[in-house]
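A.B. asks: Quick one: the structure is below, and I'll ask about it shortly.
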Amino acid sequence: MTKRVYNFYAGPATLPLKVLEQAKEEFLDFADTGMSVLEISHRSKQWDKAMSEATNLVRELMNVSDEYKILWLGGGASTQFYMTPLNLQVKGKPMEYVNTGGWSTKAIKEAEHFGEVKVIASSEADKFTYIPEDVKFSEDIAFAHITSNNTLYGTEWGYTPSVPKDVPLVCDMSSNIMDKPINVSDYGVIYAGAQKNLGPAGVTLVIVREDLLDRVPQHAPTMMKWKTHAEKDSMFNTPPVFPIYICKLSLEYLKEIGGTKEMEKRNLEKAKILYDVIDGSDGFYKGHARLGSRSLMNVTFTMATPELEQKCVEGGTARGLVGLKGHRSVGGMRASIYNAMPLEGVKKLAEYLNEFKDENQ
Ligand SMILES: *Cc1c(COP(=O)(O)O)cnc(C)c1O
């Protein structure tokens, strides 16, 4: 086998080795069809089975009730930035957003094409270092929108904000979906690009409460309506077959290890190791996110100078710890430790960071 490194990139991101091996094994002959999953018709019964399994796994692992539809769509989470306001708009009612980072900012910009947007809380003035507390959405709005984990800045919501009755809460969970158990019934819509916690790039999971599907204006383009995809079980057109297949394998793996509860336990353990290194470094490493807002998924930190950070990134790469450079808009360093990052990788990184500090302080 070729040498594998520990991949700390923010997305696309590391996948469970077991999933990659299984995909490799089945690559030329999927479900005894004599064809690759890349070649098989999406109307075949073998594909139909795989796709229902993927959907059922989402339902089971997130405990999604029958009130919700589960969709597998192309276009990335960024497409949901405009599909959300398109599908949920209500004439005369504003849309309320909380701005906690780069992705929220982009979502807000898209919503502005559809009507009045109110940003009711934002941590922008403080470089997105925290999640606003006690966020309260107004009555009589079309919907409320949050981003549960902020990939660039390394912050994560520690609570679910309450919304007035009849106001659907929409959440972009692209970078922390299934990192812990959540209560899906708190949300009207959940969406997540697959490439951080679920699978490869190319598919976006959308979980939408069925009663919300009828709000979309009649004249909206067919492919842009959630309803179109809900009515055809995401087979209105050719779905992104290969990414969905990999998601299915990784969901099977998540189920096998004990689901989101076990995942949360592992994620807490992994994150604590790195935050302990930062907090125990006498200021050599400075965490970007405030205590109480720290992400389980993206650990962001800085050092005294960009030169030192660059040296640390390069030293990591030389040891097979890759992807540690922070996002260009934030700078510094970032270790993305999504569900599929093994504990072993985090321990190796902690060891390296401690050594680097000793040699360079
Ligand atoms: C990565 C990311 C996105 C963008 O996803 P695409 O699939 O590339 O469009 C959106 N939101 C969050 C929170 C992300 O982490």
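Readers should treat all values here as calculations from the given coordinates under stated rules, not as data from a laboratory. These numbers come from a predicted model, not from an experiment. Because the Cβ atoms are built from the backbone with ideal geometry, glycine has one as well, and the counts that use them run over all protein chains shown.
A.B. asks: Compute the distance from the alpha-carbon center of segment 322-361 to that of segment 114-157, in whole Å.
C.D. replies: 27
A.B. asks: Expected output is a single nm value to one decimal: the length gained when fully extending between Leu343 and Leu17, i.e. 0.36 nm times separation in residues minus the C-alpha distance. What is it? Mind showing how you got there, number by number?
C.D. replies: Numbers: separation 326, 0.36 × 326 = 117.36 nm, distance 1.33 nm.
Net length gain for the segment: 116.0 nm.
A.B. asks: What does the charge dipole of segment 159-213 about its Cα centre add up to, to the nearest 20 debye, if the Cβ of each Lys and Arg holds +1 and the Cβ of each Asp and Glu holds -1?
C.D. replies: Working: 4 positive and 6 negative charges, 32 e Å.
With Lys and Arg at +1 and Asp and Glu at -1, about 160 debye.
A.B. asks: If r is the Cβ-Cβ distance from Gln46 to Tyr159 and R0 is 41 Å, what FRET efficiency results, to the nearest 0.05?
C.D. replies: On the way: r = 43 Å, r/R0 = 1.04.
It comes out at approximately 0.45.
A.B. asks: May I ask for log10 I(q)/I(0) of the chain at q = 0.13, 0.14 Å⁻¹, from a Debye sum over the Cα atoms as equal point scatterers with solvent left out?
C.D. replies: Taking Cα atoms of the chain as identical point scatterers yields -1.04, -1.17.
A.B. asks: Using helices alone, what [θ] at 222 nm do you get for the chain, with -39,500 (n - 2.57) per DSSP H run of 4 or more residues, divided over all residues and rounded to the nearest 500? Show your work: numbers first, answer last.
C.D. replies: Details: 9 runs with 125 residues, N = 361.
So the calculated ellipticity at 222 nm is -11000 deg cm²/dmol.
A.B. asks: Sticking with this one: Considering Cα pairs under 8 angstrom that are at least six residues apart, work out the relative contact order of the chain and quote it in whole percent. Write out the running numbers ahead of the final one.
C.D. replies: On the way: 686 pairs, mean separation 81.9, N = 361.
Once normalised by length, the contact order is 23 percent.
A.B. asks: Thr33 versus Ala318, label points 7 Å from Cα toward the beta carbon: distance in nm?
C.D. replies: Placing both labels 7 Å beyond Cα along the Cβ direction yields 4.8 nm.
A.B. asks: Between segment 165-192 and segment 20-65, how far is it from one alpha carbon centroid to the other, in angstrom?
C.D. replies: 25
A.B. asks: A follow-up question, please. Mind checking the dipole of segment 142-294: about its Cα centre, +1 per Lys or Arg Cβ, -1 per Asp or Glu Cβ, Debye to the nearest 20? Don't skip to the answer; put the middle values down first.
C.D. replies: Values: 18 positive and 18 negative charges, 27 e Å.
So the dipole magnitude of segment 142-294 works out to roughly 140 debye.
A.B. asks: Right, next: I need the peptides 162-171, 83-92 ranked by packing, meaning the mean over residues of other C-beta atoms within 10 angstrom, with the highest value on top. Intermediate values should be presented prior to the final figure.
C.D. replies: Details: 162-171: 17.4, 83-92: 19.4.
Packing order, densest peptide first, comes out as 83-92, 162-171.
A.B. asks: Let me ask you something else. Excluding residues on the same chain fewer than 8 positions from Lys248, give the aspartates and glutamates whose Cα lies under 18 Å from its Cα.
C.D. replies: Glu21, Glu25, Glu26, Asp29, Asp32, Glu39, Asp48, Glu53, Glu60, Asp179, Asp233, Glu256
A.B. asks: How would you order 39-46, 199-206, 257-264 from highest to lowest mean count of nearby Cβ atoms within 10 Å? Before the final figure, lay out each step's value.
C.D. replies: Values: 39-46: 13.2, 199-206: 23.5, 257-264: 15.5.
The densest-packed peptide leads the list: 199-206, 257-264, 39-46.
A.B. asks: A follow-up question, please. Assuming 0.36 nm per residue, please report the length gained on full extension of the stretch Glu25 to Ala220 beyond their Cα-Cα distance. Intermediate results must be reported in sequence, preceding the final value.
C.D. replies: Details: separation 195, 0.36 × 195 = 70.20 nm, distance 4.24 nm.
Value of the extension gain: 66.0 nm.
A.B. asks: Explain nothing, just the number: relative contact order of segment 272-361, from Cα pairs under 8 Å at least 6 residues apart, as a whole percent.
C.D. replies: Numbers: 106 pairs, mean separation 26.2, N = 90.
Averaging sequence separation for qualifying contacts and normalising by length gives 29 percent for segment 272-361.
A.B. asks: Run the quick spin-label model on Glu67 and Lys232: label points 7 Å from Cα toward the beta carbon, then report their separation in nm to one decimal.
C.D. replies: Each label point lies 7 Å from its Cα, and together they span 2.8 nm.
A.B. asks: Still on this structure: Could you size up the charge dipole of the chain around its Cα centre, putting +1 on the beta carbon of Lys and Arg and -1 on that of Asp and Glu, and report it in debye to the nearest 20? Intermediate results must be reported in sequence, preceding the final value.
C.D. replies: On the way: 42 positive and 47 negative charges, 86 e Å.
Here the size comes out at about 420 debye.
A.B. asks: Using +1 at the C-beta of Lys and Arg and -1 at the C-beta of Asp and Glu, which of Asn150, Ala125, Tyr97 has the Cα lying farthest in the positive direction of the dipole of segment 93-178?
C.D. replies: Working it through, the farthest residue towards the positive pole turns out to be Asn150.
A.B. asks: Further question on the same structure: Rank-order 302-308, 145-151, 115-121, 8-14 by packing density, defined as the average count of other C-beta atoms within 10 Å over each peptide's residues, highest first.
C.D. replies: Details: 302-308: 14.0, 145-151: 27.4, 115-121: 15.9, 8-14: 21.0.
Top of the packing list down: 145-151, 8-14, 115-121, 302-308.
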